[in-house]
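Notes follow the structure.
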Amino acid sequence: MTTVVSARNLGLTFNTNDGPVVALTDVNLDIGKGEFVSFIGPSGCGKTTFLRVIADLEQPTAGSITVNGMSPGEARVKRAYGYVFQAPALYPWRTIEKNVALPLEIMGYSRSEQRARIDRTLALVNLSGFEKKFPWQLSGGMQQRASIARALSFDADLLLMDEPFGALDEIVRDHLNSELLKLWAATSKTIAFVTHSIPEAVYLSTKIVVMSPRPGRVTDVIESSLPRERPLDIRETPEFLAIAARVRDGLRAGHSYEE
């Protein structure tokens, strides 16, 4: 399997007015092409920080990391990834199609190519017919699907998703989890996904990375034995519950409930 992200002895320490804060320490991890990798751990454990290092939004202070064999900075210049934030981050004065088009405009795609990519990605996230709507006219779940379409519009192989469904109610979240799996199957993207939800991590992932409280480190990497086809009721099966129990044990072993 081709390695998309490779971290070796990765560390990141922030210098603050109150002294240094160690956000990540000694992280060793490979993400293979086409994998769906979830990062789970308590608040402040470095899940989002690691995603931001991949995206060249934070700079590591120890160790090394490559994205498609390049530095994160080179990968950013080559538009090797799309990023979906916790909030949809859509411009309220732009229609949905204009929001999806934003990276395409910046990258200089022709009008006809923009149109084709907008139509294709909105169809992928089941938003065809909503092109002319404004964000405020859509539900929270639909807004987040629009932000996923924007991240997919320029066809990067790697999709970085920072708790994209965390603010949504459970029914909408379940639906979007199911839709995301279909999207992953249809596009063969490599996905790195941050979550606080054990069921979400187990349901979505081929690999689950369990992280400890700060300083963030990897305490377990769990390869999922679940099939790629995953109806929602798979969450009631013994196989699913066994993986969830291992994730829970990993979090407990990392002292995730201690300050």
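For the reader, a short list of remarks on this structure follows.
- Residue list for segment 38-59, filter: farther than 18 Å from LYS207 by Cα and within 15 Å of the chain's Cα centre (by Cα): THR49, ARG52, VAL53, ALA55, ASP56, LEU57
- Any hit, segment 14-37, residues being over 17 Å from MET161 (Cα atoms) and among the hydroxyl-bearing types (Ser, Thr, Tyr): yes
- ALA186 being closer than 30 Å to MET70 by Cα and hydrophobic (A, V, I, L, M, F, W, C): yes
- Strands (runs of 3 or more DSSP E) lying entirely in segment 1-109 (those with 3 or more residues that are outside the structural domain of LEU180 (by TED's automatic domain parsing), at pLDDT 95 or above and of a type outside the set (D, E, K, R)): none
- Residue under evaluation GLY44, criteria (1) touching a residue at least 60 places away in the same chain (Cβ under 8 Å); (2) within 28 Å of PRO199 (Cα to Cα); (3) buried (at least 17 other Cβ atoms within 10 Å of the Cβ), criterion not met: (3)
- Within segment 9-61, being on the phi > 0 side of the Ramachandran plot, out of contact with any strand residue (DSSP E or B) (no Cβ under 7 Å at 6 or more places or on another chain) and of a type outside the set (Gly, Ala, Ser) holds for one residue alone: ASP56.
- Screening segment 110-127 for residues that are among the polar types (S, T, N, Q) and assigned to a loop (DSSP other than H, G, I, E, B) and picking the one that is farthest from GLY140 (Cα to Cα) gives SER110.
- Subset of segment 76-102 (residues that are aliphatic (A, V, I, L, M), in contact (Cβ under 8 Å) with a residue 60 or more places away in the chain and either more than 30 Å from SER139 (Cβ to Cβ) or out of contact with any helix residue (DSSP H, G or I) (no Cβ under 8 Å at 6 or more places or on another chain) (or both)): ALA80, ALA87
The values are calculated or read from the model by the stated rules, or taken from the named source; none is laboratory data. Keep in mind the model is a prediction, meaning the values are calculated, not measured. Note that we place each Cβ from the backbone using ideal geometry, even for glycine, and neighbour counts take in every protein chain shown.
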